[in-house]
1. Pairs on different chains or at least eight residues apart, Cα atoms closer than 17 Å: how many lysine pairs in the chain fit?
2. Per residue of the range 44-60, what does 6.51 cos²θ - 1.76 cosθ + 1.60 with θ = phi - 60° give for ³J(HN,Hα)? Whole Hz please, x for Gly and Pro, Karplus curve as stated.
3. Which residues' amide hydrogens lie under 5 Å from the amide hydrogen of M114, considering only partners 5 or more residues apart or on another chain, with H built in the peptide plane?
4. Rounded to whole Hz and in sequence order, give me ³J(HN,Hα) for the range 113-127 from the Karplus expression 6.51 cos²θ - 1.76 cosθ + 1.60, θ = phi - 60°, writing x for Gly and Pro.
5. Might you report the magnitude of the Cβ-based charge dipole of the range 17-80 about its Cα centre, with Lys and Arg at +1 and Asp and Glu at -1, to the nearest 20 debye?
6. Roughly what % of Cα-Cα distances in the range 1-109 sit above 22 Å, to the whole percent?
7. Can you list the HN-Hα couplings for the range 15-24, worked out from phi with the Karplus curve (6.51, -1.76, 1.60; θ = phi - 60°), rounded to whole Hz and with x for Gly and Pro?
Amino acid sequence: QAQLEESGGGSVQPGGSLRLSCSASAFTQGNLGHYSVTWFRQAPGKEREGIACISRNGATTKYVDSVKGRFTISRDNGESLAYLQMSSLKPNDTAVYYCAVSLNHWCDFQPLNMDSWGRGTKVTVSS
């Protein structure tokens, strides 16, 4: 029973860009501003890892080193949407990307702290 929905994935060449979107309206009922948002990804044969998070009003963002400087997380609380802008994509960015929200955690990469998840959107970076 996924209550978030990701979109925007696809295939892209190395060095290219994609923007992923996460719609949270079904879960938050128009109150996304009460939740932090975290993007996770899971590459083939690897564990799911948190890569970017944003606080409830967008004042704070955090990134893992592997995406820092290339990815940007943002949000539009009025539309119950969150985004992940990805640039300078590399083959090892290939993964299924998931968004998740947390009511009680400020900006968090721990999967157990998330309250709701999307089903994921696949990103493939190859020549």
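FYI, it's all coordinate maths here, none of it is from the lab. The structure presented is a predicted model; accordingly, all values stated were derived computationally and were not measured. A quick note on method: Cβ atoms are made from the backbone with ideal geometry, for glycine too, and the neighbour counts reach across all protein chains shown.
1. Details: K46/K90; K46/K122; K68/K90; K90/K122.
Close lysine pairs found across the chain: 4.
2. Listing the rounded values in order: x, x, 10, 6, 5, 10, x, 10, 7, 9, 9, 6, 4, 9, x, 6, 10 Hz.
3. none
4. 8, 7, 9, 7, 10, x, 7, x, 9, 8, 10, 10, 10, 7, 8
5. On the way: 9 positive and 5 negative charges, 32 e Å.
So the magnitude is around 160 debye.
6. Value for the range 1-109 (Cα pairs over 22 Å): 26 percent.
7. x, x, 9, 9, 10, 8, 10, 10, 9, 10
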